[in-house]
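Please treat every number below as a calculation from the coordinates, not as lab data. Computed from a prediction, not measured in an experiment: that's the story for all the values here. Backbone-built Cβ (ideal geometry, glycine too); neighbour counts: all protein chains shown.
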Amino acid sequence: MLVTSKEMLEKARREHYAVPAMNTQGGNYDIIWAICRAAEEMHSPAILAHYVATGAYSGDDWFVEVCKWCANKVSVPIAIHLDHGDSFDICMKSLKNGFTSLMIDGSTKPIEENARLTNEVIKVAKCFGVPVEAEIGELLRLDEAGVQMENKNVANPEQVRQFLELCQPDSLAIGIGNAHGYYKGEPDIKLEVLEEVRKFTDIPFVLHGCTGMREDIIKEAKGEDAEAEEAAKTEAEEAKAEESKDRDAAEDKEEEKTKIFYVTDEVQQSQYINMFKAQGQDAIILTHNIDSAFITYLEQKHQEVQFLRIDADVHDSLKDEVAEDEKEEFQKTTDSLVEIFRKELGNENLDVKVEKLKDENVASMAVLSEENRRMQEMMKMYGMGGMDASMFGSQATLVLNANHPLVQFLVANKDSENVSIICKQLYDLAMLAHKPLSPEEMTAFVKRSNDIMMLLTK
């Protein structure tokens with residue numbers, strides 16, 4: 001399954017194992033599929049890495065599509081990662097193409113400039129829910145003649161500390177003498193650098209150039225005898241581990257936030273507004289184009305507050321609870337309606353939710369999560385409006401009201417000749433309150449509306 005790298009790396013850090021990241025050498029299908037199959041067999045997450053230079057040869061978009069197809073054929077987490085992106089533009093292009101993990105490599109730049117570039121990428125990637133890897137300390141390099149260049153690749157722990165004070169990437173690659181590709185001699189790995197940096201940060205580490213690393217280096221990093229080492233832990237170390245566990249548990253527990261609902265278009269969102277008013281709910285009006293950026297700023301400044309557009313979800317106050325003895329039957333109704341609508345609309349991936357809404361006059365509505373809506377807005381801002389929105393899961397969810405007679409008719413009369421026209425009309429009516437229809441959709445909607453009125457004349 002396709003995921004971002006953030007969760008898999010955090011889990012690996014907590015449970016003390018590594019996630020393999022394999023360079024696919026230009027997006028070769030056989031390599032990508034073999035990695036995914038191997039990950040499945042080993043019950044391991046995996047990262048499909050794509051180097052900038054090979055992307056210029058094979059094509060980034062083709063690579064992403066192949067990775068998506070392969071990732072969704074296996075049950076283990078798979079991330080699509082940009083390896084050593086060295087500019088803001090390259091990272092934005094990769095984000096647009098559908099990468100689920102980005103590396104911005106500013107390691108050749110001064111600390112302050114590296115941090116500034118990293119922050120620029122983080123600011124945009126965060127809106128898409130895509131994690132960012134940064135790097136400090138260059139990889140060992142050779143010149144064109146194959147001669148080892150000046151070894152500047154071992155990071156200074158104090159510089160790492162300075163870097164992390166200026167920016168907060170989701171993971172960090174630290175140069176410790178590791179090397180990529182062809183090189184003379186043997187890399188001199190400085191594990192003590194990692195040990196020193198780990199004293200002041202819990203950020204997941206990324207180690208590049210591990211293919212040729214000696215086994216004894218790996219053993220040294222783990223400890224020669226893990227069991228003996230565990231048995232020899234001091235009480236202080238055990239207490240520290242327990243404290244860390246409690247801290248992680250606290251972090252995993254999402255803090256309940258104060259939700260503030262808002263409206264951006266009083267006409268288009270009038271259905272939702274009327275439903276809110278009927279239940280005594282309030283919402284603020286934010287119609288200026290600067291408001292989106294402003295509420296994001298407020299959320300960052302006040303972590304306890306979350307802004308949600310009025311059609312981001314169906315508020316609990318707008319729906320009836322399903323009684324315990326009705327849940328089984330209600331689930332059957334839900335499954336039946338999902339099947340009917342996906343079939344009639346010709347979309348097996350259509351997201352359908354069934355609720356018992358208090359307003360029996362509303363047959364259908366559409367909701368789009370706040371996160372996905374902001375992704376769409378960011379896409380438009382950065383000129384990404386022509387890309388497939390479903391790549392980021394930004395399709396609206398169709399909500400059907402189980403209390404409405406039309407919806408009840410569909411459940412009771414699956415074989416009726418009118419099922420298709422009712423499904424399509426309910427879908428378009430829901431979308432009209434959510435966003436403007438395309439010219440093709442509007443043409444079909446008008447014709448269908450006329451056909452429905454003709455039925456009334458018979």
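Table for the structure above
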{"quantity": "For the stretch 106-138 and the stretch 402-427, distance of Cα centres in Å", "calculated": "51"}
{"quantity": "Percentage of interatomic Cα-Cα distances in the stretch 1-131 larger than 23 Å", "calculated": "31"}
{"quantity": "Mean Cβ count within 10 Å, highest first, over the residues of peptides 367-374, 171-178, 40-47", "calculated": "171-178, 367-374, 40-47"}
{"quantity": "Ratio Rg/Rh, restricted to the stretch 258-456 and using Cα atoms, in which Rh is the Kirkwood radius", "calculated": "0.98"}
{"quantity": "Sequence of Ile136, Ile340 once ranked by neighbouring C-beta atoms within 10 Å, starting from the fewest", "calculated": "Ile340, Ile136"}
{"quantity": "FRET efficiency, 1/(1 + (r/R0)^6) with R0 35 Å, evaluated for Glu417 and Lys332 via beta carbons", "calculated": "0.90"}
{"quantity": "Per-peptide average of other Cβ atoms within 10 Å, ordering 158-164, 125-131 highest first", "calculated": "125-131, 158-164"}
